[in-house]
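What follows draws every value from the coordinates through simple rules; no lab data is involved. No experiment lies behind these values; they were computed from the predicted model shown. Using ideal geometry, Cβ is built from the backbone for each residue, glycine included, and neighbour counts are taken over all protein chains shown.
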Amino acid sequence: MKNTTTALPEENSLYTDICKIIDNTRTRVATYLNTEICLTNWHIGKRIKEDILYNQRAEYGKQIIKRLGERLTEKYGSGWSFHKLQHCVRAAYTFSEEEIMYALRTQLTWTHLRSLMGVKDELARSFYIEMCHIEHWDTRTLDKKIEGQLYERTAISRKPENIIKNELAQVKTTNQLLPDLVFRSSYFLDMLGLPDSFSEKDLESAIITQIQQFINELGTDFAFLSRQKRITVDSIDYYIDLLFFHRGLRRLVAIDLKLGKFKPEYEGQMLLYLRYLNKNERKQNEESPIGLILCSEGNTEHIEYLMLDEESPVKVAQYYTQLPDKQLLSEKLQRAIAIAKEHYMEQQSNNEKKE
């Protein structure tokens, strides 16, 4: 029977303290168990990998793993099937001991690691590990980001390999996001449920209605501040479509919504907004504001130039109100990445000649 007696203040304090002790212990135990499970799986995979490599026969390895799974299942019960052992081996092939230890320190689970094993590009895997750590992604979110080719849509993927490695190492050391990890060349706004024909106002209203899903696509550190934010310059009123604050970057983020392709005058308008925000809205300890222009149609070279210009506070991206075909999107992103890297190398070469 439930005790309905009113507790004394000191009893409430005691209850709160005991709950903290229990909760903290549960967290430590869960963290310890997760670490031991992942390390056990990795070490098992490493041992099998060594055996297969020494014998240098793929078919031999497959048969060995099958028989091993049967014997382990007989001894330890379910959980050590052929497929489970295959995942263990894949983990050993995918992650070095240093990488697996770092992933565990960032509190990734075995399910996280299984998803990451499907990412063939090493730099992309490093990107997803850092984003899981910083934005606290669960495995469902990680799978969705990988499926949506988030890495390929970020500005950082457009850079040469050595630059990407240095920037990811910087994030790893400082545990702080860089704008090139946050802003993307394209966004999927299929959750808005817009008709085939819509206006900028319709788009804005749909975003407000589905603000949580919109923020999930932007990134979890975005906080919504205002819609149609009015600013006045020389007695002329202007309106910023959407205003956000990004906690990780510690910046105000102004978003302008446009139908059609990007036009150069959009950048000038956004720079006006940002200068106003920098002078009148920026608070102490915040970085300077940054702007994102979302266009319904993509003109690749404009977008790539502005994404790669680290000194520019204006980013441009295309948005999709319906999910594009994955193969076509992948091909488009790969072409865009190639163009961007070529532009980046040309820019570096020109800078060196000037010096």
Inset, instruction - Give the shape of the stretch 48-140 as rounded, prolate or oblate, defined through the alpha-carbon gyration tensor: a ≥ b ≥ c are the square roots of its eigenvalues, a/c under 1.5 means rounded, and otherwise the shape is prolate if a/b is larger than b/c and oblate if not. - result: prolate
Inset, instruction - Excluding GLU200 itself, calculate the net charge of residues whose Cβ lies under 10 Å from the Cβ of GLU200, where each Lys or Arg counts +1 and each Asp or Glu counts -1. - result: -2
Inset, instruction - Go ahead and estimate [θ] at 222 nm for the chain from helices alone: -39,500 (n - 2.57) per DSSP H run with n ≥ 4, summed, over the residue count, rounded to 500. - result: -19500 deg cm²/dmol
Inset, instruction - Just rank ILE293, ILE21, fewest to most, by other beta-carbon atoms within 10 angstrom. - result: ILE21, ILE293
Legend entry - Ranked list, fewest to most other Cβ atoms within 10 Å of each Cβ, for ARG251, ARG140: ARG140, ARG251
Inset, instruction - Considering the options PHE222, LEU243, THR16, tell which one lies farthest towards the positive end of the dipole of the chain, charges being +1 on Lys and Arg and -1 on Asp and Glu at the Cβ, about the Cα centre. - result: THR16
Legend entry - Amide H within-cut-off set for VAL314, under 5 Å, with H built and near neighbours excluded: GLY291
Legend entry - Extension gain, PHE198 back to LYS283 (0.36 nm per residue minus Cα-Cα distance, nm): 27.0 nm
Inset, instruction - Using only the Cα atoms of the stretch 132-243, build the gyration tensor, take square roots of its eigenvalues as a ≥ b ≥ c, and label the shape rounded, prolate or oblate: rounded if a/c is under 1.5, else prolate if a/b is larger than b/c, else oblate. - result: prolate
Legend entry - Residue-count net charge about TYR102 - beta-carbon cut-off 13 Å; Lys, Arg +1, Asp, Glu -1: -1
Legend entry - Net charge, TRP80 excluded, C-beta distance under 14 Å - Lys, Arg +1, Asp, Glu -1: +4
Inset, instruction - Check the straight Cα-Cα distances from LYS332 and name the lysines below 20 Å, setting aside those fewer than 8 residues away within the same chain. - result: LYS120, LYS144, LYS145, LYS159, LYS261, LYS315, LYS341
Inset, instruction - Amide H neighbours of TYR320 under 5 Å, at least 5 residues apart or on other chains, H built in the peptide plane: list them. - result: TYR187, PHE188, LEU189
Inset, instruction - Specify the residue with the greatest mean-square fluctuation among GLU161, GLU311, GLU217, computed from a Gaussian network of the chain linking alpha-carbon atoms under 10 Å apart. - result: GLU311
Legend entry - For the chain, with +1 on Lys and Arg beta carbons and -1 on Asp and Glu, the positive-most of THR209, THR174, THR31 along the dipole: THR31
Inset, instruction - State the extension gain, in nm to one decimal, for the chain segment bounded by LYS120 and ALA223, taking 0.36 nm per residue of separation less the distance between their alpha-carbons. - result: 33.8 nm
Inset, instruction - Once you've got the GNM for the chain with C-alpha springs shorter than 10 Å, pick whichever of GLY260, GLY45, GLY77 has the biggest mean-square fluctuation. - result: GLY77
Inset, instruction - Whole number please: convex hull volume per residue, Cα atoms of the chain, in Å³. - result: 251
Inset, instruction - Mind pulling the angle between the C-alpha long axis of helix 200-209 and the longest principal axis of the chain? Nearest 10 degrees, somewhere in 0 to 90. - result: 40
Inset, instruction - Taking the Cβ of each residue in ARG153, ARG275 as the centre, tally the other Cβ atoms inside 10 Å and list the residues starting with the fewest. - result: ARG275, ARG153
Legend entry - Three-way shape call for the stretch 192-261 based on the alpha-carbon gyration tensor, with the a/c threshold at 1.5: oblate
Legend entry - Sequence-distant lysines (8 or more away, or on other chains) whose Cα lies within less than 21 Å of LYS62: LYS46, LYS49, LYS75, LYS84
Inset, instruction - Have a look at ASN34, ASN299, ASN12 and tell me which one the Gaussian network model of the chain (Cα, springs below 10 Å) gives the largest fluctuation. - result: ASN12
